[in-house]
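Nothing in this text is a laboratory measurement; each read-out follows from the coordinates by a stated rule. Predicted, not measured: the structure shown is a model, and the values here were computed from it. All Cβ positions, even for glycine, are placed from backbone atoms using ideal geometry, and neighbour counts span all protein chains on display.
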Amino acid sequence: MKTELPQSFEKALTRCIDFFFKIWPQPFPGRERLKACKIVSHRGEHDNHKIFENTLKAFDLAFEKGIWGIEFDVRWTKDLHPVVAHDPDLRRLFGLDVAIGDMSLDDLKSRCPAVPTLAEVIEKYGKKLHFMIEIKAETYPDPQRQNEILKNRFSSLEPRLDYHLMSLTPPMFDLISFVPTSTLIPIATLNVARFSELALDKDYCGLAGHYLLLNRAILTKHREKGQLVGTGYPASKNCLFREINRNVEWIFSNNAVKLQEIINRLADTETGD
């Protein structure tokens, strides 16, 4: 069972945590590690007013600003076309009270053309941006066919080198057979210890989670097994430096452009000032 906090409490707690790490001075990680930092734009660069999350415009901005990778979510239409959307319906972003899984692709595109297909994203950004793709928890009515569809969509890309698959619900990985398990990354919330052990036992690629919860012991366990770790969501220079100094592989951010600008500005300095 996935453990979650009430959203309002989680946001307030996150703001407090971010403020603490913002004012906690961190040593400069050095130019080489700074330049090697892999920033992942969470659902692209968006404000959900002029530019909406998980759209080509949001991904365009991430690409234009030199971000290393993008995180996005995949869901399925009624006629089994994978599309890029976080929510199961279009209400929050587009004001349409209809579920994606209840529409055909043609219907979806006619009612909400801003929602891209997975094929469109791969065609435009494949091998230009690294893809961190979240598999949402939903019913797969025909897993064999859906795996063949995904295999076909990703045929121009190489697992791990060009993309990883992630999920807050690791049992979804049991439905994914077209990639090796070393492509898969569970996303931990408050269940860090359990998901960490799962990733180690299943020989997954590694683990992702909030920077506060993935402590030194967790990082050490995964490094010792040759696994990688990604953290979210640093929002300041000091927090960014902390994660780089901890040798975190990927840094997921809702402020990716801001963090990339910090990197670009300081990468050729000696002290990080």
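Remark: relative contact order (the chain) = 23 percent; criterion is Cα-Cα distance under 8 angstrom and separation of 6 or more residues. Which Cα, out of S110, I251, L34, lies furthest along the positive dipole direction of the chain (beta carbon charges, K/R +1, D/E -1)? So the residue we want is L34.
Normalised by 2.2 N^0.38 Å, where N counts its residues, the alpha-carbon radius of gyration of region 14-142 equals 1.24. Overall, the chain carries a charge dipole of about 700 debye about its Cα centre when +1 sits on the Cβ of Lys and Arg and -1 on the Cβ of Asp and Glu, all other atoms neutral. Along region 233-249 the Karplus relation, 6.51 cos²θ - 1.76 cosθ + 1.60 evaluated at θ = phi - 60°, assigns HN-Hα couplings of 10, x, 10, 8, 4, 5, 5, 4, 4, 4, 5, 5, 5, 8, 6, 5, 6 Hz to successive residues, with x for each Gly and Pro. Build a GNM of the chain with springs between Cα atoms under 10 Å apart, and of S177, S196, S155 the one that fluctuates most is S155.
On the principal axes of its alpha-carbon atoms, region 212-273 has extents of 34, 26, 16 Å, going from largest to smallest.
Could you give the angle, 0 to 90 degrees to the nearest 10, between helix 256-266's Cα long axis and the longest principal axis of the Cα atoms of the chain? Taking Cα atoms only, the helix is inclined about 30 degrees. Taking the chain as a Gaussian network, Cα atoms linked when under 10 Å apart, which of V98, V248, V257 shows the biggest mean-square fluctuation? Largest GNM mean-square fluctuation: V98.
Can you give the Kirkwood hydrodynamic radius of region 160-240 from its Cα pairs, in Å with one decimal? Its Kirkwood hydrodynamic radius stands at 12.9 Å. Extent along the principal axes, Cα only, for region 6-68: 38, 36, 16 Å, with the longest axis given first. Which aspartates and glutamates have a Cα less than 18 Å from the Cα of K221, not counting those fewer than 8 places away in the same chain? Those aspartates and glutamates meeting the cut-off are E197, D201, D203, E243, E249. Which angle between 0 and 90 degrees, to the nearest 10, do you get for helix 192-202 versus the longest principal axis of the chain when only C-alpha atoms count? Once rounded, the angle reads 70 degrees. Ellipsoid semi-axes for region 114-273, based on the Cα gyration tensor and the rule √(5λ), read 29, 21, 13 Å when sorted largest first.
Dipole magnitude for region 137-243: computed about the Cα centre from +1 point charges on Lys and Arg Cβ and -1 point charges on Asp and Glu Cβ, it is near 420 debye.
Mean sequence separation of contacting Cα pairs (under 8 Å, at least six apart), scaled by the length of region 29-184, corresponds to a relative contact order of 19 percent. Rounded to the nearest 500, the 222 nm mean residue ellipticity of the chain from helices alone is -10500 deg cm²/dmol, with -39,500 (n - 2.57) taken per DSSP H run of at least 4 residues. The peptide list 222-228, 60-66, 39-45, put in order of mean Cβ contacts within 10 Å with the highest first, becomes 39-45, 60-66, 222-228. Over 21 Å apart at the Cα level, from the set K124/K151; K109/K258; K38/K128, are K109/K258.
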